[in-house]
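First the structure, in the form of structure tokens, and then the observations on it.
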Amino acid sequence: MSVVSVINYKGGVGKTTVTANLGAELAARGRKVLLIDLDPQASLTYSFYRPADFAEQPTIRSWFEAFVASRTPESLFRYVLAPHAVNAVVQPLGGHLHLVASHLGLVDADLDLAAGLGGARFQRSSPRYLQVYRLLADALAEQPFSAYDAVLIDCPPNFNLVTRTALVASDHVVVPARPDYLSTLGIDLLRNRLSQLVEDYNSVAEHPINPEIAGVVYMMVQYTPSGPLASQRSSFEETTRIEMPVFSQTIRDNKTAVTEAGNRSVPAVLAPPGSTAIETLRYELQQLTSEFLARTRT
Ligand SMILES: Nc1ncnc2c1ncn2[C@@H]1O[C@H](COP(=O)(O)OP(=O)(O)O)[C@@H](O)[C@H]1O
Ligand SMILES: [Mg+2]
């Protein structure tokens with residue numbers, strides 16, 4: 001089983017799009033996939049459920065809250081859902097796609113979790129540091145999760161405690177980004193924070209962690225007849241200059257396809273055959289998935 005965090009400090013860069021489509025394409029290739037929505041905005045959850053169909057389902061917010069209340073982790077497996085529409089497509093192909101859903105109230109659970117360690121700073125001196133930082137890692141080490149080939153975690157656009165539990169649990173990190181100058185700065189900051197987390201954690205843990213950055217995925221790339229816009233090409237070059245791995249497959253700006261794929265509770269990569277726009281998006285997402293598999297050896 002391979003655990004992958006999809007993360008960027010910025011919102012609206014395509015984290016949820018990448019998580020949903022990678023997960024769906026892996027499942028369509030016969031793999032057993034678990035997606036975990038850690039963003040309180042819950043866009044990943046609503047990529048697979050219409051809001052009206054989702055009411056009263058268990059979410060990861062309750063899982064974190066139960067831990068805050070009792071200091072004893074519950075089994076996470078009770079929170080795993082099997083969204084119907086997407087599984088109707090991937091199960092005949094031999095895979096499946098499960099989901100741990102999110103909830104707006106996860107914001108508060110995140111704050112409570114940090115408060116339990118004495119606030120955002122000096123956490124390493126808390127006797128409960130390892131238990132809290134390892135919450136997700138230990139939950140995923142439970143026997144039922146060994147049936148999954150891949151676990152993809154859609155992270156919120158921050159570096160709070162919930163996000164850190166995802167990174168501690170991860171073998172790999174995928175960073176969707178838009179090709180602009182500010183995003184490149186954000187990527188460098190993210191890498192530094194990740195290194196610091198790993199260093200802090202490994203200084204107190206018995207078994208070191210080593211989440212590796214599989215690469216930056218450039219999303220919503222704009223093309224001219226002669227290739228990507230010049231300003232965007234310079235972002236790619238800057239990312240390479242700071243020695244960040246970058247996926248060679250990019251996803252172009254394709255509002256037509258995103259609109260056409262619509263809200264069917266099935267990610268665009270599994271949309272029914274359609275226009276050139278949607279087939280282009282599908283092709284790019286499939287190529288991205290192949291490159292992801294090569295880079296993460298899932
Ligand atoms: N290739 C694309 N072309 C145009 N719009 C896109 C593309 N990919 C994603 N989007 C749209 O951009 C918005 C932000 O994407 P999303 O995956 O939700 O980002 P994040 O999870 O980082 O906030 C969404 O409305 C999504 O539908
Ligand atoms: Mg999102």
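The values are calculated or read from the model by the stated rules, or taken from the named source; none is laboratory data. Not measured: the values here are computed from a predicted model. Neighbour counts run over all protein chains shown; Cβ positions are idealised from the backbone, glycine included.
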Subject >> The one condition in (1) at negative phi; (2) modelled with pLDDT of 95 or more; (3) within 10 Å of ligand 2 (Cβ to nearest atom) that ALA42 fails to fulfil >> reply: (1)
Subject >> Residue among TYR181, TYR218, TYR148 that is out of contact with any Asp or Glu (no Cβ under 8 Å at 6 or more places or on another chain) and more than 13 Å from ligand 1 (Cβ to nearest atom) >> reply: TYR148
Subject >> Failed condition for ARG264, given (1) part of a loop (DSSP other than H, G, I, E, B); (2) under 24 Å from the mean Cα position of the chain (by Cα); (3) within 22 Å of MET1 (Cβ to Cβ) >> reply: (3)
**OP:** Could you tell me whether any residue of region 13-27 is outside any helix (DSSP H, G or I) and either free of Cβ contacts under 8 Å to residues at least 60 places away in the same chain or within 12 Å of ligand 2 (Cβ to nearest atom) (or both)?
**Re:** yes
**OP:** Residue by residue through region 250-261, note down the ones that are over 18 Å from the mean Cα position of the chain (by Cα) and over 26 Å from GLN91 (Cβ atoms).
**Re:** ARG252, ASP253, ASN254, LYS255, THR256, THR259
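For region 78-150, please list each of the helices (runs of 4 or more DSSP H) lying entirely inside it that holds at least 3 residues being under 30 Å from VAL266 (Cβ atoms). Spell out the reasoning first.
Numbers: elements: 84-90, 106-115, 129-133, 135-140.
Correct list: 84-90, 106-115, 135-140.
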**OP:** Please go through region 233-261 and pick out each residue that is in a strand (DSSP E or B) and within 13 Å of ligand 1 (Cβ to nearest atom).
**Re:** ARG252
**OP:** Among the residues of region 132-164, write down those that are surrounded by fewer than 21 Cβ atoms within 10 Å (Cβ to Cβ) and either modelled with pLDDT under 95 or within 16 Å of ligand 2 (Cβ to nearest atom) (or both).
**Re:** PRO157, ASN158, PHE159, ASN160
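Could you list, in sequence order, the residues of region 189-232 that are assigned to a helix (DSSP H, G or I) and farther than 23 Å from VAL6 by Cα?
Step one: filter region 189-232 for residues assigned to a helix (DSSP H, G or I), giving 189-204, 230-232.
Within region 189-232, SER203, VAL204, ALA230, SER231 qualify.
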**OP:** Mind listing whichever residues of region 197-221 are free of Cβ contacts under 8 Å to residues at least 60 places away in the same chain and either exposed (fewer than 13 other Cβ atoms within 10 Å of the Cβ) or aromatic (Phe, Trp, Tyr) (or both)?
**Re:** GLU199, GLU206, HIS207, PRO208, ASN210, TYR218
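Take THR184 and tell me if it is under 22 Å from LEU140 (Cα atoms) and either among the hydroxyl-bearing types (Ser, Thr, Tyr) or modelled with pLDDT of 95 or more (or both).
Against the criterion (under 22 Å from LEU140 (Cα atoms) and either among the hydroxyl-bearing types (Ser, Thr, Tyr) or modelled with pLDDT of 95 or more (or both)), THR184 does not qualify.
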**OP:** Output the qualifying pairs, or none if there are none: Cβ atoms under 7 angstrom, residues six or more apart or on different chains, first residue in region 248-271 and more than 17 Å from GLY14 (Cβ to Cβ), second residue within 16 Å of ligand 2 (Cβ to nearest atom) and assigned to a loop (DSSP other than H, G, I, E, B).
**Re:** SER265/TYR49
Original post:
Do we find a residue being away from ligand 1 (no atom under 16 Å from the Cβ) and under 14 Å from HIS98 (Cα atoms) anywhere in region 38-54?
Top reply: no
**OP:** State whether the residues of region 28-36 include one that is touching a helix residue (DSSP H, G or I) at 6+ places or on another chain (Cβ under 6 Å), in a helix (DSSP H, G or I) and either closer than 16 Å to VAL266 by Cα or away from ligand 2 (no atom under 16 Å from the Cβ) (or both).
**Re:** yes
Original post:
Quick check: is even one residue across region 43-60 within 26 Å of TYR9 (Cα to Cα), among the basic types (Lys, Arg) and touching a residue at least 40 places away in the same chain (Cβ under 8 Å)?
Top reply: no
Subject >> Residue, surrounded by the fewest Cβ atoms within 10 Å (Cβ to Cβ), within region 272-298, restricted to residues that are under 27 Å from ASP53 (Cβ atoms) and modelled with pLDDT under 95 >> reply: PRO273
Original post:
Taking the condition within 17 Å of the chain's Cα centre (by Cα), within 12 Å of ligand 1 (Cβ to nearest atom) and of a type in the set (D, E, K, R), does LYS15 pass?
Top reply: yes
